[in-house]
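The values are calculated or read from the model by the stated rules, or taken from the named source; none is laboratory data. All of these numbers come straight from a predicted model, not from anything done at the bench. Glycine also receives a Cβ, built like all others from the backbone with ideal geometry; neighbour counts cover every protein chain displayed.
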Amino acid sequence: MAEDKIEKLVALCKRRGFIYPGSEIYGGLQGTWDYGPLGSLLKLNIKQEWWKSMVQDRDDVVGVDASIMMNPEVWKASGHLEAFTDPLIECMICHSRFRADKREEIEAHEETHKGDKVEWTEPKKFNLLVEAKLGVIEDEKQTVYLRGEITQGAFVNFENVVSSTRVKIPFGIAQIGKAFRNEITPGNFTYRSREFEQMELEFFVRPDDREGDKWFDYWKEQRMNWYVNLGFDKKKLRFRKHEDDERAHYAKYAEDIEYEAPFGWSEFEGIHHRADWDLSRHKQQYVAENGEKFTPWVIEASGGVDRSLLFFLLDSYKEDGKRVWLSLHPKLAPFKVAVFPLLANKPDLVKKAKGIFDSLRPHFMTAWDDRGNIGKRYLSQDEAGTPWCVTVDFETLENNTVTVRDRDTARQDRVKISDLQKYFFKRLNS
Ligand code: GAP
C-alpha cells in the first residue's frame with residue numbers, strides 16, 4: 001500500500017493538475033517539476049501561511065527577497081564552493097553516479113545488473129552548486145552560481161536590514177524563494193529535485209550558549225506546531241538529531257523535522273544552529289544601542305516548500321472504495337468552495353448559482369461546476385481537496401437557502417445565502 005500510495009498520488013497530481021513532469025513534451029528534464037493550476041494554488045497557500053506565521057503575526061521578524069544570482073565571492077566566503085559537496089561514486093559498468101551514503105539506492109542499482117559483479121570508483125567530492133554564465137561577450141562571460149540555499153541573501157543584507165528598519169536583537173529575517181542543486185540522484189517524485197523552493201528564517205541572537213539553546217528549542221517547537229496545526233498526522237512527524245558526521249559545514253548542531261513517507265522517514269525542514277559562521281565570514285556586525293559591537297549567532301529554520309507540499313498531499317490522501325479525497329486543511333486547499341446548480345439545464349437554478357459564485361469569488365478561491373451529476377461533481381471536488389460544495393436546488397428558489405456539503409464528513413448543512421460568506425469565513429478560521 002505504501003509504495004502504491006506514491007504511485008497513486010503521482011497519477012492524481014498529473015490527472016488533476018497539481019504537478020507535471022518538467023518539460024514533459026520534450027522528454028523531460030530530470031529533477032524538475034511544473035506545478036499546474038491546483039498545485040500552484042496549493043504552493044501559494046503554503047507560502048502565504050508560512051509568511052503569515054513568520055512575518056505578519058510577529059513583531060520580531062522582517063522579510064527580504066534577495067537575488068538568485070549573487071557575486072561568486074558570496075559562495076567563496078560562505079564555504080559553499082569548498083564544502084557544499086556530496087560524496088559521489090560511479091558504477092564501473094554503466095557509469096551511473098550515486099551518493100556514496102545512499103546504501104539502498106546503490107544496492108537497488110546493483111540489482112539492475114542482474115548478477116554481474118558491480119565495481120565502484122572511490123568516493124569523489126562533487127560540488128552541488130549549479131553554474132551559469134553571465135554577460136554578452138563570449139570570452140568575458142562571468143561564471144555565477146544559482147543559489148544553492150536562499151540563506152546567503154539574508155546574511156549579506158544583515159547590516160542593510162538593521163540600518164533600514166527598527167529591528168533589535170533578537171530578531172529574524174524571513175525569505176521564500178528558489179534554490180538550485182546539482183543533485184546526483186534526484187528522485188522520489190518531487191522530494192529530491194534540482195530546482196526547488198525554500199522558506200527560511202534566519203534568527204539572530206546574542207552570541208551566548210544559553211541564548212542559542214533557548215532559541216533553538218523555541219524554533220523547533222514553533223515549526224513542529226505549525227505543521228501539526230495545518231493538519232499533519234502527529235504520529236507521522238518526528239525530530240531527528242544530526243550525527244556529527246552528517247552536519248552541514250556551517251552547523252554547530254542541527255535537528256531535522258521528518259515525515260514518515262512511503263519511502264521511509266524523510267526530512268523536510270532543518271533547524272540549524274549556525275552560530276557566527278555566516279556573519280563572520282561576510283564581516284557583518286551588529287551594533288547595540290549602547291555602542292557594543294558583536295557578531296550575532298544564527299538559529300535557522302529552513303523548510304522546503306516542495307517537500308512540505310508533497311507531504312501535505314501524502315498525508316491528506318484518503319481512499320474509501322471509489323472515493324478518493326484530499327483532506328487538506330481548508331487554509332491550504334486550492335479551492336475553498338465549489339458552487340453547483342443542481343441541474344445545468346434549468347436557467348433559474350443556473351442564474352441563482354452564478355449569483356452566489358460571483359458573490360463568493362472575491363473572498364474565497366471558488367470553483368464552478370455544472371458538468372455531470374451532483375455525485376460526480378462531489379467526487380471531482382474531493383480529489384481536488386475542496387472542503388465545501390454549495391448546491392443550489394429547487395428549495396433555494398423558494399427560501400434562499402443552499403446545501404453546504406462537507407468534504408470530510410459528507411454532512412450537509414442548510415445555510416441561508418445571505419450567511420454564506422460569514423459561514424465560510426468562520427469555518428476557515430476555526
Ligand atoms: N539553509 C539551510 C539549508 O539549505 P538544507 O537542509 O540543505 O538546509 C533545507 O535544506 C530544506 O530545503 C530541506 O529541509 C528541504 O526541505 C529543502 N531541500 C533541500 N534540498 C532539496 C532538494 N534537492 N529537493 C527539494 N527540496 C530540497
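Details
- Assessment of the stretch 192-201 against the conditions (assigned to a loop (DSSP other than H, G, I, E, B), in contact with a helix residue (DSSP H, G or I) (Cβ under 7 Å, 6 or more places away or on another chain), among the small types (G, A, S) and surrounded by 21 or more Cβ atoms within 10 Å (Cβ to Cβ)) yields at least one matching residue.
- Taking the listed residues L332, L379, the one that is over 30 Å from K214 (Cβ atoms), more than 16 Å from the ligand (Cβ to nearest atom) and in contact with a helix residue (DSSP H, G or I) (Cβ under 9 Å, 6 or more places away or on another chain) is L332, with no other qualifying.
- Members of the stretch 366-390 found to be within 15 Å of T409 (Cβ to Cβ) and among the hydrophobic types (A, V, I, L, M, F, W, C), listed by number: W388, C389
- Within the stretch 287-305, residues that are over 30 Å from L44 (Cα atoms) sit with their Cβ atoms under 6 Å from residues that are within 16 Å of the ligand (Cβ to nearest atom) and of a type outside the set (S, T, N, Q), at 6+ positions apart or across chains, in these pairs: T295/D276; T295/L279; P296/F204; W297/A275; W297/D276.
- Matching residues in the stretch 275-301 - criterion: being on the phi < 0 side of the Ramachandran plot, surrounded by fewer than 23 Cβ atoms within 10 Å (Cβ to Cβ) and either within 16 Å of the ligand (Cβ to nearest atom) or assigned to a loop (DSSP other than H, G, I, E, B) (or both): D276, W277, R281, H282, Q284, Q285, A288, E289, N290, E292, T295
- With respect to the conditions (1) in a loop (DSSP other than H, G, I, E, B); (2) farther than 12 Å from E300 by Cα; (3) within 12 Å of the ligand (Cβ to nearest atom); (4) not hydroxyl-bearing (S, T, Y), R240 falls short on a single one, namely (1).
- Only one of the listed residues (K352, K336, K346) is touching a Leu at 6+ places or on another chain (Cβ under 8 Å), modelled with pLDDT of 95 or more and more than 18 Å from R16 (Cα to Cα). That residue is K352.
- Scope the stretch 93-150; condition among the basic types (K, R), modelled with pLDDT under 95 and within 16 Å of the ligand (Cβ to nearest atom); matching residues: R97, R99, K102
- Criterion (surrounded by 15 or more Cβ atoms within 10 Å (Cβ to Cβ), more than 15 Å from R274 (Cβ to Cβ), of a type outside the set (A, V, I, L, M) and away from the ligand (no atom under 13 Å from the Cβ)) met by exactly one of G231, G212: G231
- Test result for G177, more than 10 Å from the ligand (Cβ to nearest atom) and under 27 Å from F126 (Cα atoms): yes
- Candidate set: the stretch 302-329, residues that are part of a loop (DSSP other than H, G, I, E, B) and surrounded by fewer than 23 Cβ atoms within 10 Å (Cβ to Cβ); chosen: the one modelled with the lowest pLDDT: K322
- The single condition from (1) crowded, with 17+ Cβ neighbours inside 10 Å; (2) more than 25 Å from D57 (Cα to Cα); (3) touching a Gly at 6+ places or on another chain (Cβ under 8 Å) that R223 fails is (2).
- Qualifying residues in the stretch 302-311 (those that are within 15 Å of Q175 (Cα to Cα) and of a type in the set (G, A, S)) - the one nearest to the ligand (Cβ to nearest atom): G304
- Residue list for the stretch 355-386, restricted to those being more than 23 Å from L310 (Cβ to Cβ), polar (S, T, N, Q) and surrounded by fewer than 19 Cβ atoms within 10 Å (Cβ to Cβ): S359, N373
- Residues that are over 17 Å from the mean Cα position of the chain (by Cα) and part of a helix (DSSP H, G or I) within the stretch 7-40 comprise E7, K8, A11, L12, K14, R15, R16, E24, I25, Y26, listed in sequence order.
- Lone qualifier among D419, D358, D382 - being farther than 24 Å from L38 by Cα, among the acidic types (D, E) and part of a helix (DSSP H, G or I): D419
- Any hit, the stretch 68-90, residues being part of a strand (DSSP E or B), modelled with pLDDT of 95 or more and under 23 Å from Y145 (Cβ atoms): yes
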